[in-house]
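Participant: A single structure is presented below for examination.
The values are calculated or read from the model by the stated rules, or taken from the named source; none is laboratory data. Computed from a predicted structure; not experimentally measured. All Cβ positions, even for glycine, are placed from backbone atoms using ideal geometry, and neighbour counts span all protein chains on display. To get the accessible areas, we keep the full protein, side chains included, count just its heavy atoms, and leave off ligands, DNA and RNA. Shrake-Rupley method; radii C 1.70, N 1.55, O 1.52, S 1.80 Å.
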Amino acid sequence: MMSRISPEEAPDSRRWLALTLLVAAFFMVIVDSQIVMLALPSIESELGFSPGGVQWVMSAYLLSFGGLLMFGGRTADLLGGRRMFLFGTALFGVASVLCGLAWNDEVLIAARVVQGAAAAIMTPTAMAVLMHTFAEGPERNKALGIWTGIGAFGATAALLIGGPITDGLGWQWIFYINVPVVAAVLLFGPRLLKQTPVQPGRRRFDPAGALTITAAIALLVYAVSEAPLVGWGGGQTIGMLVAAAVLLVIFTLIENRSKAPLVPLRIFRSPTVVGGNILMIIVAMAVYGGALITSLYAQQVLGYSAVKFGLSTAVYAIMSIIGANLSARLVARVGYKPIAIVGMTLLSGGLLLLTQIDPNGGYWSDLFFGLVIFGSGIGSTNVAASIASLTGAKPEESGLVSGINNAVFQIGAALGIAIASSVAFAYTTGTNVEGLNDGFQAGFWATAVFALTGLATALLLLLHRKPAQPAQPAQPAQPAQPAQPAQPAPSIGTEAGKPSVIVHH
């Protein structure tokens, strides 16, 4: 017999509207990180950037975004996810307007730093609100599938709309288009979004920990982003990597001694958290590295315009959405571990197929089928890695765990782009299409190695099982007992990567 559910336990009937609001904000953040690429020539000529300086319009955003993600996630646990999400969204809107109004290069870069910081608050706090809105199990998995699919589509949408907006309205409007989304979130957010639990007791921040981890991540991302230009063995790259490693050691020492650590190190005792985040880094390396090489091959060998490239590669964004939503449904039946293995197999297969590109090739013969398989793998692996890294998180630490998950994805993306572009450059044999094709082919092989490494990681880390219990000695037969009334089935917790199933009685 089903027990009556109290109003406090019943799912919020508006939870899917709340998810719509959260993914709209996430879509805006993803679009903003990519759309600027297509406007850089116009920005450079109008604001008078120095040669090579215009890349800081992107780098400033990505460094502050990636560096502050863990701190942004921690604010959700200390001050409340909904409150910090709305604050981050408002800050993002103000920074977007400042970007559009920028009258020189310094103002634009400063506004992009603020915009990246706002995104670092918005993304993990939105995930924390999502986790609190949907209980661990099938509904949360479905919500994460939608979240992942929207993220994949956002990157492609940026390529589709960036060129027409820049050419038709001016580069300023790639920032102004954020304003209606921000307004909608601020208008409906207080009504639809649930407040997340906050840690009880005195609210203490960890400024020393926040400073060291932010500096370490920023140095790491900057070092690997600049490595293809200055050399992996150059003094700048090695010096920054060493400095990042030293800061990580200092951060660990601070966290061990802090009464209110930014990142309680006990979080990393969970095999699913560690395995899921390792897998997330590798997935990001394969996805971003593969997307970069695809873009270069399509535009420099096949001669596609930016708009044509966006339209032709939308197939892998569509397949990513399909893969993410299908995987989110299947997780409820088979658990995230098989999904991770299947997803990494698809990702590997798609990238291996793309290694067969030809200088005289075409879209249908060289890109289409590889991108279909590649896109399917993106959705599946993102869902599996996200669920693994978030499974079992305490409600009062959901913001931090989300921040870690997003931070490692940013680090993986920077590594994937840097390594794939370095390999492609090293193996380029000339400036004609044949020479460029050699380099891009090598770049695809590098990303395929990333994906195969991820497959091995999924097999080793995610298929790890508890050792079997030793057999118990046989017990002597007991006299028959009178039959007992049937008892209700117990609740089944999360086990072997499968979502929890609660049986009410």
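Participant: Going by the structure shown, is Gly362 over 17 Å from the mean Cα position of the chain (by Cα) and modelled with pLDDT of 80 or more? Show your work before the answer.
Facilitator: Numbers: over 17 Å from the mean Cα position of the chain (by Cα): yes; modelled with pLDDT of 80 or more: yes.
So Gly362 fits the description; yes.
Participant: Can I ask one more? Can you pull out the residues in region 163-182 that are of a type outside the set (A, V, I, L, M, F, W, C) and in contact (Cβ under 8 Å) with a residue 60 or more places away in the chain? Quick ask: steps written out before the conclusion?
Facilitator: Step one: filter region 163-182 for residues of a type outside the set (A, V, I, L, M, F, W, C), giving 163-164, 166-168, 170, 172, 176, 178, 180.
Gly163, Pro164, Thr166, Gly170, Gln172, Tyr176, Asn178, listed by residue number.
Participant: Between a residue in region 419-446 that is open to solvent by 10 Å² or more (accessible area, probe 1.4 Å) and any residue that is of a type in the set (Asp, Glu) and part of a helix (DSSP H, G or I), which pairs come within a Cβ distance under 6 Å, given they are 6 or more apart or on different chains?
Facilitator: Close Cβ pairs (under 6 Å, with a partner that is of a type in the set (Asp, Glu) and part of a helix (DSSP H, G or I)) amount to Tyr427/Asp438; Thr429/Asp438.
Participant: A follow-up question, please. Select from region 396-438 the residues that are of a type in the set (Val, Ile, Thr), part of a helix (DSSP H, G or I) and over 14 Å from the mean Cα position of the chain (by Cα) and list them in ascending order. Spell out how you get there, then give the answer.
Facilitator: Keep residues of region 396-438 that are of a type in the set (Val, Ile, Thr), which gives 401, 404, 408, 411, 417, 419, 423, 428-429, 431, 433.
Next cut, part of a helix (DSSP H, G or I) only: 401, 404, 408, 411, 417, 419, 423, 433.
Within region 396-438, Ile417, Ile419, Val423, Val433 meet the criteria.
Participant: Is one or more of the residues making up region 332-341 of a type in the set (Phe, Trp, Tyr), at negative phi, part of a helix (DSSP H, G or I) and at pLDDT 85 or above? Spell out how you get there, then give the answer.
Facilitator: Start the filter on region 332-341 by keeping residues that are of a type in the set (Phe, Trp, Tyr), which leaves 336.
The next check asks that each one be at negative phi; those that pass are 336.
Adding the requirement that they be part of a helix (DSSP H, G or I) leaves 336.
In the following step, the residues that additionally are at pLDDT 85 or above were identified as none.
No, region 332-341 has no match at all.
Participant: Right, something else. Identify, please: which residue in region 34-72 is of a type in the set (Gly, Ala, Ser) and surrounded by fewer than 21 Cβ atoms within 10 Å (Cβ to Cβ) and is, among those, nearest to Ser305 (Cα to Cα)? Outline the logic, then answer.
Facilitator: Of the residues in region 34-72, the ones of a type in the set (Gly, Ala, Ser) are 39, 42, 45, 48, 50, 52-53, 59-60, 64, 66-67, 72.
Of the ones still in play, those that are also surrounded by fewer than 21 Cβ atoms within 10 Å (Cβ to Cβ) are 42, 45, 48, 50, 52-53, 59-60.
On the way: Ser42: 16, Ser45: 20, Gly48: 25, Ser50: 26, Gly52: 22, Gly53: 24, Ser59: 24, Ala60: 26 Å.
Step by step, filter region 34-72, then rank; the result is Ser42.
Participant: Sticking with this one: Please identify the pairs in which a residue from region 258-276 that is open to solvent by less than 10 Å² (accessible area, probe 1.4 Å) has its Cβ atom under 7 Å from the Cβ atom of a residue that is assigned to a loop (DSSP other than H, G, I, E, B), counting only partners at least 6 apart or on another chain.
Facilitator: Leu262/Asp206
Participant: Keeping to region 324-342, report how many residues are open to solvent by less than 10 Å² (accessible area, probe 1.4 Å) and either under 16 Å from Gly370 (Cβ atoms) or in contact with a Leu (Cβ under 7 Å, 6 or more places away or on another chain) (or both).
Facilitator: If we filter region 324-342 for residues that are open to solvent by less than 10 Å² (accessible area, probe 1.4 Å), which is where we start, we get 324, 327-328, 331, 335-336, 340.
From what's left, either under 16 Å from Gly370 (Cβ atoms) or in contact with a Leu (Cβ under 7 Å, 6 or more places away or on another chain) (or both): 328, 340.
Within region 324-342, residues that are open to solvent by less than 10 Å² (accessible area, probe 1.4 Å) and either under 16 Å from Gly370 (Cβ atoms) or in contact with a Leu (Cβ under 7 Å, 6 or more places away or on another chain) (or both) number 2.
Participant: I would also like to ask the following. What is the number of the single condition among (1) in contact (Cβ under 8 Å) with a residue 24 or more places away in the chain; (2) open to solvent by 10 Å² or more (accessible area, probe 1.4 Å) that Thr294 does not meet?
Facilitator: (2)
Participant: Tell me which residues, restricted to region 202-243, are open to solvent by 70 Å² or more (accessible area, probe 1.4 Å) and farther than 19 Å from Trp56 by Cβ. Working first, answer last.
Facilitator: Our first condition is that a residue be open to solvent by 70 Å² or more (accessible area, probe 1.4 Å); within region 202-243, this holds for 202-205, 207, 211, 229, 232, 236, 238, 242.
Arg202, Arg203, Arg204, Phe205, Pro207, Leu211, Trp232, Ile238, Val242, listed by residue number.
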